[in-house]
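Remarks on the structure that follows.
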Amino acid sequence: MRDMLKFWLVICIAFFANTINAQTSSKTDSLLTLLKNHPQKDSIRVKYLINTAFSLLYTAPDSTLLLSQQALEISKQQNLKQGLYLSYSHIGMAYYQNNSYKKAISNYFKALNIAEDLNNTLFQSRVHSNLANIYADFGEFNKALNSYKKSFEIAKTNSDTIYQIIALANIGVLQSERDSLIDLGILNLKQALNLAEKIKHEQYITFFNLNLGLSFKKKKEYIKAINYYKEVLNFNGETKKTYDNLLAYNNLSTASFEIKDYKATEFYANKALDIAKEFNDLEWQSSAWATLSEVYSAKNKYKLAFQAYQNYSELKDSLDLINTKAEILKLQDDYKHDKEKLLLTAKHDKENLLNLQEINNQKAINRIIVISAITILVLLFLGFYVYKRKQESQFNLKVAETELKALRAQMNPHFIFNALNSVSKYITSNNSNLANNFLIKFSNLMRQTLENSEKKDITVKEDLQLLKNYLEIECKRFVNGFKYKIEVDEELNSENVLVPPMLLQPFVENSIWHGISKMNGSGCVTIEAKVQNDMLCYTVDDNGVGRKNPNGKRHNSKSMGISITQNRIDILNKQKKANGNLKIIDKDKGTRVEITLPFQTLFSNG
């Protein structure tokens, strides 16, 4: 039986119940007006910045981050300790919403240090709770549990009922996810429910009853689970069409099915279906139809069972298609945004370098004019000085231009377009598993490419892994596929040796599309990394048709990828005073590319 409702961290309940519903757009507008009318950089402006930041946390986390950073700067200037705590805490929450967990943890610990300096235990309790949420997301059970327990103890000492409830509920949910601790989890959820009932917090009472129902359902104690789900309906009113009741009816139907109460199963599933249609929620409609299909089958109503299954299947296919298309669109937008950002940064750096060159040249000319009247010797000295500076500036400009070209050439736009077409083809043919697998590999490759494009050097291991991901994607696009091998010399420590990123990719692409793709049979690409004469040797070898055309004549045109790679090697040679080189060898069958690079390591052997 399909069970769609999963355990969740109930810290979210506190936000949804107490803040989100209250923080309407009109309140945000009012806060923005207060900010505009109070430009003075003082504690009042810090308060307005923090309140506005929190009001935008769930709708515009980037704005929350910007406003919190402004509050942080003022708090540092004015030495506002509480402002520092709130700023770091809200910066952490903004990073958490954007899935930047490391930055979130870093800022939470800064907030915790300030809370400890202030000896403010309530602040400490909130930070421990936020840290625990991240640990739970990472699956670090013990760290999450310890942080929730610290939050609870502090809240209990300070008679903070709300945070006692939140901490107990989170502990209970965390423990309920483990079979060995589920009874302890139920005990903590019951304590949280008792406290919620004492303060008459309706949203908490509903959520905890649902969680307790889930816990007993997981233990296969279906009667107890059913009783808790009925408590939700009794508390909210059975006729109300709310998501709480939708969850309750859905789980009542699946629990009733387990105890073979088919009449109740059918009743509750139809109730859930009715509310899901009211909300136009395809996922819950799909779940209800799945349950109805099973109960009709159990009751030997096979025609109704088949009709219900058809409804379930159609809704599920629609959901899969919507989700996959959304992922593709998001991937395209993210890639376009990130690439534009990187190109703008590279262009800005190039412009700064050109301005610096112009300034330096002007200074040199002025020096020559002033000093030329003194002695010829000084004039010659300055002329030599200017020449050297100009040479350095031209070299730096060549570095910046080469890096910009390398960034643009790292991933062929035709490859991206064809890869997305492959995903679209899988979707059209209803092959969602292949589409999802292909999309995951493709998104990982794009993310790694963008991340590495900001780095001058990466390890050989990272570079070869990126090439492996690229080869896997290209291989899937071939009808008959092709073979590839990546060989690393035992003497080469691939985790310590550094190389410029994606140096081999243009040659691997050429091997595939200008060599192997034109063969009648299956081809093979071999990539090798080794140490030779204190140099790093990279090779790309294929058994394709080679660079010769059908008339047996060799193509002599020089591609952009070869030119950019040669420039990058020339720059490395000058920087490292080495003799790296690029060699392309035409074999009887196929082409071999050999690249030697200066030997660079991440850590010294000493």
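Using Cβ point charges alone (K and R +1, D and E -1), the dipole size of segment 98-249 about the Cα centre works out to roughly 200 debye.
Stretched out straight at 0.36 nm per residue, the stretch from Gln40 to Met535 would grow longer than its current Cα-Cα span by 172.2 nm. Using a cutoff of 8 angstrom between alpha carbon atoms and counting only pairs six or more residues apart, the relative contact order for segment 440-501 works out to 51 percent. The charge dipole of segment 41-188, taken about the Cα centre with unit charges on the Cβ atoms of Lys, Arg (+1) and Asp, Glu (-1), comes to about 440 debye, rounded to the nearest 20. Here the Karplus relation 6.51 cos²θ - 1.76 cosθ + 1.60, evaluated at θ = phi - 60°, turns the backbone of segment 199-208 into coupling constants of 8, 6, 8, 4, 5, 4, 4, 5, 5, 6 Hz, with x for every Gly and Pro. Shown here for segment 195-245: trypsin sites (Lys or Arg not before Pro) in loop regions (DSSP other than H, G, I, E, B) with at most 16 other Cβ atoms within 10 Å, namely Lys200, Lys219, Lys220, Lys240, Lys241. Rounded to the nearest whole Hz, the Karplus-based 3J(HN,Hα) values (6.51 cos²θ - 1.76 cosθ + 1.60, θ = phi - 60°) of segment 446-458 follow the sequence 4, 4, 5, 4, 5, 5, 6, 5, 7, 9, 6, 9, 9, with x at glycine and proline. Of the chymotrypsin sites (Phe, Trp or Tyr not before Pro) in segment 129-158, the ones in a loop by DSSP (not H, G, I, E or B) with at most 16 other beta carbons within 10 Å are Phe138. Pairs of Cα atoms nearer than 8 Å and 6+ residues apart set the relative contact order; for segment 95-210 it is 16 percent.
Less than 5 angstrom separates the built amide H of Met535 from none of the residues sequence-distant by 5 or more or on a different chain.
Per residue, segment 88-183 exposes 44 Å² of accessible surface when a 1.4 Å probe is rolled over the protein heavy atoms with every protein chain present.
For the pair segment 30-70 and segment 165-197, the centres of their Cα atoms are 36 angstrom apart.
Take every Cα pair under 8 Å whose residues are at least 6 apart in sequence, average their separation, divide by the length of segment 44-163, and the relative contact order is 17 percent. Residues whose amide H falls under 5 Å from that of Gly523, counting only those 5 or more places apart or on a different chain, are Lys483, with hydrogens built in the peptide plane.
The residues neighbouring Leu34, those whose beta-carbon lies less than 15 Å from its own, together hold a net charge of +3 under the Lys/Arg +1, Asp/Glu -1 convention. Measuring nothing but protein heavy atoms, the accessible surface of segment 154-237 at 1.4 Å probe radius is 49 percent carbon and sulfur. 3J(HN,Hα) along segment 41-54: 7, 9, 5, 5, 5, 4, 4, 5, 4, 5, 5, 5, 4, 5 Hz, from the Karplus curve 6.51 cos²θ - 1.76 cosθ + 1.60 with θ = phi - 60°, whole Hz, x for Gly and Pro.
The values are calculated or read from the model by the stated rules, or taken from the named source; none is laboratory data. Predicted, not measured: the structure shown is a model, and the values here were computed from it. Note: ideal-geometry Cβ built from the backbone for every residue, glycine included; neighbour counts use all protein chains shown. To get the accessible areas, we keep the full protein, side chains included, count just its heavy atoms, and leave off ligands, DNA and RNA. Shrake-Rupley method; radii C 1.70, N 1.55, O 1.52, S 1.80 Å.
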